[in-house]
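**Q** First, the structure itself, so that you have it in front of you.
The values are calculated or read from the model by the stated rules, or taken from the named source; none is laboratory data. Keep in mind that what you see is a predicted model, and the values were worked out from it rather than measured. As a convention, Cβ positions derive from the backbone with ideal geometry for all residues, glycine included, and neighbour counts pool all protein chains shown. In case anyone asks, the SASA skips ligands and DNA or RNA and just uses the protein heavy atoms, side chains included. Shrake-Rupley method; radii C 1.70, N 1.55, O 1.52, S 1.80 Å.
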Amino acid sequence: DRLPRKVYYITDQGQDELRRWLTTSLDLPVHRQSFLLQLHFGSKLSDDEILKLMEDERVKVQQRLDTVSEIYAIIKARNELFDNARQSFYQLLATEHAIAINTAYRNWIQDCMNRIELGEYSSKPIVN
């Protein structure tokens, strides 16, 4: 037994507002990550304590990456089933961004952990 399904539709005014918003350039988001604040003050902790925090963060990022990768596979499969290539393409682009950001973040955390474990407390060249 399924409950009756209520279907909602966007109004013409809502379509106009959506289109206006979609064509508006947005500000860059403000990133506030408590973990980075903990890392900033990491010298107040032992290496083991900060490494534990970093490992916890790395695991959470990997879990998020796994979830986003599953979503990517679903969107890709849906595209192949329903032949809505253009819509899926844009959904895939947004999902690829999430995969790229989380992969880079996970790799950065691992690199930081390696440096701490090796006792390399110096700056590293930044490549833009």
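**Q** In segment 40-52, which residues are open to solvent by 50 Å² or more (accessible area, probe 1.4 Å) and aliphatic (A, V, I, L, M)?
**A** Answer for segment 40-52, where residues must be open to solvent by 50 Å² or more (accessible area, probe 1.4 Å) and aliphatic (A, V, I, L, M): just LEU45.
**Q** Same structure, new question: I'd like the full set of residues that are aliphatic (A, V, I, L, M) and surrounded by 10 or more Cβ atoms within 10 Å (Cβ to Cβ), limited to segment 5-25.
**A** Selection gives ILE10, LEU18.
**Q** When only residues in segment 16-30 that are within 28 Å of the chain's Cα centre (by Cα) and not in a loop (DSSP other than H, G, I, E, B) count, which is farthest from TYR90 (Cα to Cα)?
**A** GLU17
**Q** OK, next. With the requirement that a residue be open to solvent by less than 40 Å² (accessible area, probe 1.4 Å) and at pLDDT below 90, what does segment 85-128 give you?
**A** Of everything in segment 85-128, just one residue is open to solvent by less than 40 Å² (accessible area, probe 1.4 Å) and at pLDDT below 90, namely SER88.
**Q** (1) surrounded by 12 or more Cβ atoms within 10 Å (Cβ to Cβ); (2) within 30 Å of SER123 (Cα to Cα): which one isn't true of LEU28, the others all being true?
**A** All conditions pass for LEU28, except number (1).
**Q** Still on this structure, please answer the following. Can you spot a residue in segment 65-75 that is farther than 18 Å from HIS97 by Cα, among the aliphatic types (A, V, I, L, M), modelled with pLDDT of 95 or more and part of a helix (DSSP H, G or I)?
**A** No, every residue in segment 65-75 fails to be farther than 18 Å from HIS97 by Cα, among the aliphatic types (A, V, I, L, M), modelled with pLDDT of 95 or more and part of a helix (DSSP H, G or I).
**Q** For TYR121, indicate whether it is touching an Asp or Glu at 6+ places or on another chain (Cβ under 9 Å) and among the aromatic types (Phe, Trp, Tyr).
**A** It is false that TYR121 is touching an Asp or Glu at 6+ places or on another chain (Cβ under 9 Å) and among the aromatic types (Phe, Trp, Tyr).
**Q** How many of the residues in segment 42-64 are assigned to a helix (DSSP H, G or I) and of a type in the set (Gly, Ala, Ser)?
**A** 2
**Q** Does LEU39 count as part of a helix (DSSP H, G or I) and among the hydrophobic types (A, V, I, L, M, F, W, C)?
**A** The answer is yes for LEU39.
**Q** Here is a check on your reading of the model: is VAL61 loosely packed, with under 11 Cβ neighbours inside 10 Å, among the aliphatic types (A, V, I, L, M) and either in contact (Cβ under 8 Å) with a residue 12 or more places away in the chain or within 30 Å of TYR121 (Cα to Cα) (or both)?
**A** No: the conditions fail for VAL61.
**Q** Sticking with this one: Could you figure out which of (1) open to solvent by less than 90 Å² (accessible area, probe 1.4 Å); (2) within 30 Å of GLU120 (Cβ to Cβ); (3) without any contact (Cβ under 8 Å) to a residue 40 or more places away in the chain isn't true of GLU55?
**A** (3)
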